[in-house]
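The values are calculated or read from the model by the stated rules, or taken from the named source; none is laboratory data. Given the structure is predicted, the values throughout are model-derived calculations rather than measurements. Note that each Cβ is placed from the backbone with ideal geometry, even for glycine, and that neighbours are counted across all protein chains shown. For accessibility, only protein heavy atoms count, side chains too; no ligands or nucleic acids. Shrake-Rupley method; radii C 1.70, N 1.55, O 1.52, S 1.80 Å.
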Amino acid sequence: MVRIPDRRLAAPGHTLNRSTSFSLHHRLVGFCQAVVLLFGVAAGGALFAQAQSDSNQKPFQLNTDQLIRPISVDRASFFAFTQTREGIIAAGERGLIAQIDIASTRAPAAEAGTSAWVTSRLPTNRNLTAIASHTEGLVVAVGHSGVIFVSTDYGKNWQPVSNEIIESVNPNKDALLSVTIDANRRILVAGAFGLMATSSDLGKSWQRVRPLGDGFDWHIYGLVNDPLSGSLWMVGESGTLAESANGLAWREQRSPYQGSFFGGVVTKMGARIAFGMRGQIFRQSQRGGAWVSLTVPTTVAWMSGRVLADGRVVLLGDQGHVAVSNDDGRSFTVKKIWTGSLTDLIETPRGDLYVSGVFGIRQFNSRLEPVNKS
């Protein structure tokens, strides 16, 4: 997952504001420092031909003419996964989308390798930072400069939300960093400087949401669904924690930490895990209860997390580190599984895993061991 710098830690003269210019690097230098805002791609990024204009509002169909045949998924950065009934979709740099069909994810690991992924690009040169899906075919990808793409057929065709509509709720085109879709197919997006907006008509129109009042402008890094309580909670910069029943009205929670939270998960037993900078992990055993700080032997930042089918909680972080819990998030074991920073993880029907990061997409077995080390 791509992050915006925590303003409290910005060096003098480098405070993040909307007028600041940023460059994208193909390699992220330390997620825990989060000092690079990926708003573009460096000149060395000639992985793609010039992307189509963001203002092109025609439905975008992924056909053979638009496939990026030379690009393997281990040659570009990816930031987030989602799973549909037809397969897995990954969102990445400069509008890059990668898809693998459900038949491939059910194949033996040797057959369901990274070569089974098909890459394509959406009509934008912005990084896609988050993606979410609904059981009825709705998929939404969001990214830098506030770009939003909507598909209603499991990612086969995409419709960009127009610049005019984006500017109506996001006039500064601040980065979007998280997206979720509720049971009624209502879309909620959130991102930099307290930005939050919702759509109940498949992205055709949007309403601005001010979750914690007009003065709230901390970055919102994650929107987390709690399936047991039916509520939604968010995590963000400067210890931001808040909860909502519908995504429209929010109630701020007392935070156990003043640094940034980059994500959260809900365990199989209903415990909440919040994580972020400097190796910080907190657990709340019951809704509204006290947050307990968990000690791990690292200070790398935890960027995202997943709960696997067997109940394990896996957090992914900087420098190729993961933290794994086998006891409903009460304790974590840390190990290094790769050399680059990790951004997300998805589990296949067979129980194999795909991990995304600055190195692209890699395949791992259920024990988080690389299937192919080459």
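In debye to the nearest 20, how big a dipole does the range 78-206 give about its Cα centre with +1 on each Lys and Arg Cβ and -1 on each Asp and Glu Cβ?
My answer is approximately 80 debye.
Could you tell me what percent of the accessible area of the range 308-374 is made up of carbon and sulfur, with a 1.4 Å probe and every protein chain present?
44 percent
Find the relative contact order for the range 287-370 and round it to a whole percent, using C-alpha pairs within less than 8 Å whose residues are 6+ positions apart.
20 percent
With +1 on each Lys and Arg Cβ and -1 on each Asp and Glu Cβ, and nothing else charged, work out how big the dipole of the range 251-363 is about its Cα centre, in Debye to the nearest 20.
Once rounded to the nearest 20, the dipole reads 220 debye.
For the range 300-374, rounded, prolate or oblate, judged on the Cα gyration tensor with a ≥ b ≥ c (square roots of eigenvalues), a/c < 1.5 rounded, else prolate if a/b > b/c?
In terms of gyration-tensor shape, oblate.
Quick check on the range 111-214: take the gyration tensor over C-alpha atoms, sort the square-rooted eigenvalues as a ≥ b ≥ c, and tell me if it's rounded (a/c under 1.5), prolate or oblate.
Cα axes put the range 111-214 in the prolate bin.
Would you please give the residues with an amide H less than 5 Å from that of TYR221, counting only those at least 5 places away or on a separate chain, with H modeled from the backbone geometry?
VAL235, GLY236, GLU237
With Cβ to Cβ distances under 15 Å as the rule, what net charge do the other residues near GLU136 carry (K, R +1; D, E -1)?
0
Between beta-carbons, use under 12 Å as the cut-off and find the net charge around ARG312, counting Lys and Arg +1, Asp and Glu -1.
Neighbourhood net charge equals -1.
With every protein chain left in place, what is the accessible area per residue of the range 130-180 in square angstrom, probe 1.4 Å?
30 Å²
Just grab the label-to-label distance for LEU308 and SER285, each label 7 Å out from Cα along the Cβ direction, in nm (one decimal).
Computed distance between label sites LEU308 and SER285 equals 2.5 nm.
Could you give the accessible area per residue of the range 255-374, probe 1.4 Å, as a whole number in Å²?
Computed with neighbouring chains in place, this is 38 Å² per residue.
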